[in-house]
1. So, in the stretch 270-324, how many residues would count as being touching a helix residue (DSSP H, G or I) at 6+ places or on another chain (Cβ under 8 Å), farther than 13 Å from GLY239 by Cβ and β-branched (Val, Ile, Thr)?
2. Taking the stretch 136-166 as the region of interest, how many residues are surrounded by fewer than 16 Cβ atoms within 10 Å (Cβ to Cβ), at pLDDT 95 or above, within 16 Å of the ligand (Cβ to nearest atom) and not acidic (Asp, Glu)?
3. Of GLY92, GLY106, GLY102, which residue is among the small types (Gly, Ala, Ser) and surrounded by fewer than 20 Cβ atoms within 10 Å (Cβ to Cβ)?
4. Looking only at the stretch 325-347, which residues are over 27 Å from GLY387 (Cα atoms), surrounded by fewer than 18 Cβ atoms within 10 Å (Cβ to Cβ) and without any contact (Cβ under 8 Å) to a residue 60 or more places away in the chain?
5. Say whether the condition of being within 16 Å of the ligand (Cβ to nearest atom), part of a loop (DSSP other than H, G, I, E, B) and among the hydrophobic types (A, V, I, L, M, F, W, C) is met by at least one residue in the stretch 270-290.
6. ALA96: in a helix (DSSP H, G or I), out of contact with any Ser or Thr (no Cβ under 7 Å at 6 or more places or on another chain) and either modelled with pLDDT of 95 or more or of a type in the set (Ser, Thr, Tyr) (or both), yes or no?
7. Hey, any hits in the stretch 116-125 for a residue that's at pLDDT below 95 and either surrounded by 19 or more Cβ atoms within 10 Å (Cβ to Cβ) or in a helix (DSSP H, G or I) (or both)?
8. Please work out which one of (1) farther than 18 Å from GLY226 by Cβ; (2) in contact with a strand residue (DSSP E or B) (Cβ under 6 Å, 6 or more places away or on another chain); (3) hydroxyl-bearing (Ser, Thr, Tyr) is the condition SER123 fails and give its number.
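The values are calculated or read from the model by the stated rules, or taken from the named source; none is laboratory data. None of the values given here were measured: they were computed from a predicted structure. Note that we place each Cβ from the backbone using ideal geometry, even for glycine, and neighbour counts take in every protein chain shown.
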Amino acid sequence: MEKFVVTGMENGLRGRVQISGSKNAVLPILAACLLTQDICEIRNVPPLLDVEHMAELLCAMGAKVDFDKEKEIVTVQAEEIAQAEGNYEAAGKMRASFLAAGALLGRCGQARLPLPGGCQIGSRPVDLHLKGFQIMGAKNRQEHGMVELTAKNLKGGEIYLDFPSVGATENIMLAAVLAKGKTVIQNAAAEPEISDLADFLRKMGAEIEGDGTDTITITGVRELHGAVHTVIPDRIEAGTFMTAAAITGGDILLEHAKEEHLKPVIAKLAECNVKTENTEDGLRVYRKGKLHPIQLKTMPYPGFPTDMQAQFMSLMAVAKGTSVITETVFENRFMHAGELQRMGADIKIDSRSAVIEGVEGLTGAKVRATDLRAGAALILSALAAKGDTEISDIYHIERGYHQIDEKLRQLGAEIRREEE
Ligand code: EPU
């Protein structure tokens with residue numbers, strides 16, 4: 001087990017940082033590779049543990065997968081699906097493995113996967129995924145923690161999602177591209193990762209319209225072919241570095257970040273008195289004056305992303321005045337608040353809201369990363385705190401950030417990795 005030891009900075013972060021490919025875009029794209037016998041080549045793939053787990057899952061199903069971590073390219077060929085099932089070993093390691101369900105249903109008419117359990121941030125059911133499959137003619141049976149899906153003739157249908165779930169939208173798209181007829185997803189998620197999946201599927205020969213809006217229409221085709229695709233930059237990694245520049249009073253340039261995907265983050269940073277400029281070389285983020293307190297509410301895209309909520313709580317903890325954060329997407333995503341309190345933050349949680357009274361300064365402490373974004377928030381607080389902070393359970397952080405310590409060091413941070 002490793003931990004990060006971070007020494008608080010006197011001066012802000014400075015320099016350039018390269019943003020990697022998006023974790024949450026690449027996972028459904030890898031699942032989509034199961035939809036064809038041909039070779040698919042996916043570029044700009046971040047070498048993260050979650051990607052390796054998805055690759056292992058595809059291998060266990062009979063696909064040939066090669067992950068060149070240096071070049072950040074994954075090639076997949078699922079010439080045959082040996083078994084349309086993921087065992088606990090391979091699939092139990094991450095929730096996103098359930099995205100293989102839609103692709104397997106589309107390709108083989110059946111799928112068997114472990115029901116993803118709850119996690120630190122909420123119960124995270126998959127009822128909306130299953131409702132979509134059911135409308136498309138699939139039967140589902142749950143036994144011993146496994147979901148078994150079968151569909152003799154998968155057909156299109158009209159599916160209204162009670163909530164614009166990212167995973168349900170992706171899973172239904174994956175099933176619908178090879179189903180008979182037209183599928184319409186209403187109240188669909190509009191996240192950039194959905195459009196990236198749609199772009200890849202279209203390159204494979206799928207017919208999809210309306211991605212990026214709340215109504216997605218998919219017309220099933222007989223078969224799909226191989227394709228080459230470059231994954232979009234990770235907007236949450238970019239947002240995390242932007243917040244790091246903000247909290248330290250730094251001035252950094254993000255290479256390969258997409259401004260259009262970061263509008264809600266940029267707007268909220270501006271309210272905090274943090275400036276952003278889109279330059280030819282990348283996105284410049286800097287702060288000169290004091291941080292201002294703000295109110296924010298997490299929402300499905302294009303609202304403020306729940307995956308940036310923890311990092312903003314760190315920022316609010318040192319912004320003079322009272323800030324309020326309301327989390328509407330996940331029911332239990334304030335685990336970081338308790339850890340931030342150890343560092344001297346003044347935060348009160350009342351159900352889905354957090355009231356943050358900005359303090360003069362934070363102090364280093366021993367804290368624990370409880371989940372991916374909570375861990376990132378702790379690194380940001382540690383950069384702004386006085387003294388050393390030890391962050392344990394950093395495997396959570398490394399599930400979603402490629403070489404975060406290395407990238408921060410390049411920007412002048414003192415962060416090292418030690419054995420626990
Ligand atoms: N929900 C249901 N039923 C469902 C599906 C979702 O009630 O069938 C609820 C969830 O419990 C949650 C809300 O709907 O309260 C949103 O869940 P959603 O399905 O949109 O999230 P997800 O697909 O499970 C993805 C990202 C998350 C990100 C959310 C929201 C991936 C692999 N994960 O999860 O990323 O927070 O969308 O934007 O794409 C992260 O990267 O740290 C992370 C947690």
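1. Of the residues in that region, 2 qualify.
2. Qualifying residue count for the region: 2.
3. Working: GLY106 fails: surrounded by fewer than 20 Cβ atoms within 10 Å (Cβ to Cβ); GLY102 fails: surrounded by fewer than 20 Cβ atoms within 10 Å (Cβ to Cβ).
Unique residue meeting the criteria: GLY92.
4. THR326, THR328, listed by residue number.
5. In the first step, residues of the stretch 270-290 are kept if they are within 16 Å of the ligand (Cβ to nearest atom); the result is none.
Looking through the stretch 270-290, none of the residues is within 16 Å of the ligand (Cβ to nearest atom), part of a loop (DSSP other than H, G, I, E, B) and among the hydrophobic types (A, V, I, L, M, F, W, C).
6. On the way: in a helix (DSSP H, G or I): yes; out of contact with any Ser or Thr (no Cβ under 7 Å at 6 or more places or on another chain): yes; either modelled with pLDDT of 95 or more or of a type in the set (Ser, Thr, Tyr) (or both): no.
For ALA96, the condition - in a helix (DSSP H, G or I), out of contact with any Ser or Thr (no Cβ under 7 Å at 6 or more places or on another chain) and either modelled with pLDDT of 95 or more or of a type in the set (Ser, Thr, Tyr) (or both) - is not met.
7. Taking the stretch 116-125 and keeping what is at pLDDT below 95, we get 116-125.
If we keep only those that are either surrounded by 19 or more Cβ atoms within 10 Å (Cβ to Cβ) or in a helix (DSSP H, G or I) (or both) as well, we get 116, 121.
Yes: one or more hits.
8. So SER123 meets the others, but not (2).
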